[in-house]
Amino acid sequence: QVQLVESGGGLVQPGGSLRLSCVASGSFFSSDVMGWYRQASGKQRELVAKITTDGRTNYADSVKGRFTISRDNAKNTLQMNSLKPDDTAVYYCNLFRFPTGNNYWGQGTQVTVSS
């Protein structure tokens, strides 16, 4: 089993920055992909960014150039800069495990961008 513990989030003004962190505990494999998804009110959950253990990354078009994901084994960090009101959502840490295809989720952390 895997447990994901998130930290960070909160209220920030447009143009500001926040950092989210996620630590995985329990079983861990080098093939695990870690990332962040978000869900705004009334919308479906969507991918924000993900990263493999060898540093390959994938970003949603809406956050490219503003967000940066990094990773150190079982911990990952999402640095969010130039935040916009449209970034307001609950952000969930995710771990995807090959080859079982299992997804593990954190409890979610609220990010609110508002003046």
Subject >> Those residues of region 28-60 whose amide nitrogen sits under 12 Å from the label point placed on residue 107, 7 Å along Cα→Cβ >> reply: none
Subject >> Over region 1-111, relative contact order from alpha-carbon pairs under 8 Å, at least 6 apart, % >> reply: 35
**OP:** May I ask you to derive the FRET efficiency for residue 68 and residue 98 from their Cβ-Cβ distance with R0 = 25 Å, giving the value to the nearest 0.05?
**Re:** 0.55
Original post:
Rounded to a whole number, what % of the accessible area of the chain do carbon and sulfur atoms account for, probe 1.4 Å?
Top reply: 47
Subject >> HN-Hα J in Hz across region 56-63 - Karplus 6.51, -1.76, 1.60, θ = phi - 60°, x for Gly and Pro >> reply: 6, 10, 9, 10, 5, 4, 5, 10
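The values are calculated or read from the model by the stated rules, or taken from the named source; none is laboratory data. For clarity, every value in this text was computed on a predicted model and none was experimentally measured. All Cβ positions, glycine included, derive from the backbone under ideal geometry; neighbour counts span all protein chains shown. Heads up: the accessible areas ignore ligands, DNA and RNA and are worked out on the full protein's heavy atoms, side chains in. Shrake-Rupley method; radii C 1.70, N 1.55, O 1.52, S 1.80 Å.
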